[in-house]
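Visitor: Here it is, the structure, as structure tokens.
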Amino acid sequence: MIASLKRADNLATMAPAARKAEAALTFDHVTVRFDDYTAVADASITVGDGEFVSIVGPTGCGKSTLLNVAAGLLEPTAGDISVYGKSLEGLNRQAGYLFQADALMPWRTALSNVTAGLEYRRMAPKDAEELGRKWLARVGLNGHHERFPHQLSGGMRKRVALAQTLIMDPKIILMDEPFSALDVQTRVLMENELLALWMADKKSVMFITHDLEEAISLSDRVIILSAGPGTHPIAEFVIDLPRPRDVSEVRMTPRFVELHHHIWETMREEVLKAYERNQHKLAD
Amino acid sequence: MSEISTSLPTSAVATPRRRPVKKAGLPSRGTMVALQIALLFAAFATWFALVKLKILPVFFFGDPVLVLQQIVDWVVTGEVFVHLATTLIETILGFLIGIAFGVAGGVWLGLSPLTAALLDPYIKAFNAMPRVVLGPIFIVWFGLGITSKVVLGVTLVFFVVFFNVFQGVREVSPVVLANARMLGANRSQLLRTVYIPSAMSWVFSSLHMSVGMAFVGAVIGEYLGSSRGIGYLILQAESTFDVNAVFAGILVLTVFALLLDTSVTLVERRLIVGRPT
Ligand SMILES: Nc1ncnc2c1ncn2[C@@H]1O[C@H](COP(=O)(O)OP(=O)(O)O)[C@@H](O)[C@H]1O
Ligand SMILES: [Mg+2]
């Protein structure tokens, strides 16, 4: 109660221009330690208001960990995470989170999974259902409303999860390798759909992927993480490809190829480093 | 997560259920049922022969013909139905109330580790105790009517459900939970839409055992003291040394238990549609 009052107060007193300039997410020297393993060390990242930022890094480096910090599900061991300039306490209420693992409720149908958040928000069931149907159609799942998650393929489940998150109309979208389970055609479809949504009302997106091409074709900025332990950003690249983009067409442009080549050179060193470390581990 | 492994159940749902390929050497289903019935007849015939040849004393082992006669009598006079109905009601009530308490207790303790740790030795003790010994006390407390039988059934069902639900609540998928929280669920909404449904799937997995327990509670309760029910029928026959009626009662009890179990299977099929097992 007190927290929400404070927030309302802040918004009222803040100048609109100042609010606009505030970054959606600011990781300020964030360190995350699990017992004696330091997953993330001294990572500083910002995601601007309305910006689409991709985070690319080798598997197991701590990408999901960073996203959990942004969601407020995980408190950093050191450092601070702030949302629109306010230090985050508890869950990030302005963010929608598309988890890497299956997160649908197995006992609910596709439709009722999609409308779960609206139900929590106490929207009238009829309105929620109508909106839910719209969203299922949008992710290409017309006619699968009454299916349960175990009756859907992995890709279909991912699309239900996408609808479930986006139906809440969050200002910030956190996505953890959302499209890696999809087949190529669906993937391109969903990527374009995501871009359209993002363009329509300028959401701030923090997008995790291990696919560099996907990162470049979607983002305003791509941040490369070092291999773990002690993961932190090692480079970032502004993607100046014109918008609106078609993710499959943009990949054919010379500028894309150039960017890809440039970023890949930087990444390769990191990948090699991680690979060598693993070889050492295996040798021990 | 792979497409291949997850698409398997989908195809199983979409196509009509395929029968498993017939195993070599096994006769067809019809033949098997015929053989099973023949086995039953053989058992009765052996029983009959052993008693008629005086290898087994008829006083203790009864006469299968008279046993069947007794069952037919019960059915024709309608005498058995009031007893069946009583046992059925006791079983159903014990089952439902036991489940309700089991779910409530399991969810509560599953969500409050402190209370769970505090009560742990007592729960273990209660569970280890053969709770059937509580029967006489319940009869003293609740009388010879159905209440004492229901209470006994409840104490038996409760622990089966309780342990399952307790486990279920503790093992709720952390991702599903985190997802619901990110979607804005508050504590009571989490309870209603995540913890309880998740626990219910564990209850379903113990449905057969719970019904069995409720049934045992009902019959034992009737044995210990009652004026109605199948247990009472047997008890009464025993007190008049009518061994044929005792066997008849046991047969009725067995058939009843089989029917009960079959109906649980039917209910289960309806409820579990759409739930992963
Ligand atoms: N809850 C946890 N407890 C202990 N170690 C963890 C936990 N979560 C993640 N880790 C470790 O932190 C590292 C980064 O994990 P994660 O963020 O999931 O990687 P990514 O998403 O980049 O593949 C991994 O080595 C993982 O084993
Ligand atoms: Mg991950």
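The values are calculated or read from the model by the stated rules, or taken from the named source; none is laboratory data. As the structure is a prediction and not an experimental result, all values here were calculated from the model. Note that each Cβ is placed from the backbone with ideal geometry, even for glycine, and that neighbours are counted across all protein chains shown. Note: accessible area is taken over every heavy atom of the protein model, side chains too, but ligands, DNA and RNA are not part of it. Shrake-Rupley method; radii C 1.70, N 1.55, O 1.52, S 1.80 Å.
Visitor: Starting from 0.36 nm per residue, how many nanometres of slack lie between A:N278 and A:T253 once their C-alpha separation is accounted for?
Guide: 5.4 nm
Visitor: To continue, here is another question. Could you work out which residue, out of B:N127, B:N244, B:N164, moves most in a Gaussian network model of chain B, that is, has the largest mean-square fluctuation with Cα springs under 10 Å?
Guide: Fluctuation is largest for B:N127.
Visitor: About its Cα centre, what dipole magnitude does segment A:104-169 give when the only charges are +1 on Lys and Arg Cβ and -1 on Asp and Glu Cβ, stated in debye to the nearest 20?
Guide: Charge dipole, segment A:104-169, about its Cα centre: 160 debye, nearest 20.
Visitor: How big, on average over all directions, is the shadow cast by the Cα convex hull of the protein assembly as shown, in nm²?
Guide: Mean projected area for the protein assembly as shown: 37.6 nm², to one decimal.
Visitor: May I pose another question? In square nanometres and to one decimal, what's the mean projected area of the convex hull around the Cα atoms of segment B:126-171?
Guide: For segment B:126-171, the mean projected area of the Cα convex hull comes to 3.4 nm².
Visitor: Kindly state, as a whole number, the per residue volume in cubic angstrom of the convex hull around the alpha carbon atoms of segment A:104-169.
Guide: Once divided by residue count, the hull of segment A:104-169 is 71 Å³.
Visitor: Which aspartates and glutamates have a Cα lying under 15 Å from the Cα of A:K158, excluding residues fewer than 8 positions away in the same chain?
Guide: Those aspartates and glutamates meeting the cut-off are A:D102, A:D176, A:E177, A:D183, A:E191, A:E193, B:E3.
Visitor: Can you pick out the pairs among A:K86/A:K171; A:K86/A:K273; A:K134/A:K203; A:K86/A:K134 whose Cα atoms lie more than 25 Å from each other?
Guide: Over 25 Å Cα-Cα: A:K86/A:K273; A:K86/A:K134.
Visitor: How do A:V184, B:V165 stack up against each other in accessible area, from largest to smallest, with a 1.4 angstrom probe?
Guide: Output order, biggest surface exposure first: A:V184, B:V165.
Visitor: Can you pull the three principal axis extents for the Cα set of chain A, in Å, largest first?
Guide: 58, 47, 43
Visitor: Oh, and also: Assuming a viscosity of 1.002 mPa s and a temperature of 20 °C, what translational diffusion coefficient in µm² per second does Stokes-Einstein assign to segment B:64-271, Rh being the Kirkwood radius over Cα pairs?
Guide: 115
Visitor: Let me ask you something else. Ignoring ligands and nucleic acids, what accessible area does B:F241 show with a 1.4 Å probe (Å², nearest 10)?
Guide: 150
Visitor: While we're looking at this one, here's another question. Once the Cβ-Cβ distance between A:D211 and B:N186 is put in as r, and R0 is 45 Å, what FRET efficiency do you end up with, to the nearest 0.05?
Guide: It comes to 0.80.
Visitor: A further question follows. Roughly how many whole Å is it from the C-alpha centroid of segment B:54-122 to that of segment A:79-120?
Guide: 46
Visitor: Can I ask one more? At most 15 other Cβ atoms within 10 Å and a DSSP loop assignment: could you name the trypsin sites (Lys or Arg not before Pro) in segment B:22-105 that fit?
Guide: B:K22, B:K23, B:K54
Visitor: Let me know the Kirkwood hydrodynamic radius for segment B:29-98, please, with Cα pairs as the basis and the value in Å to one decimal.
Guide: 15.1
Visitor: I've got another one for you. I need the helices of chain B that pass two filters: whole DSSP H segments spanning 27 Å or more by Cα along the axis, and mean Kyte-Doolittle score no lower than 1.6.
Guide: B:79-111, B:146-170, B:243-272
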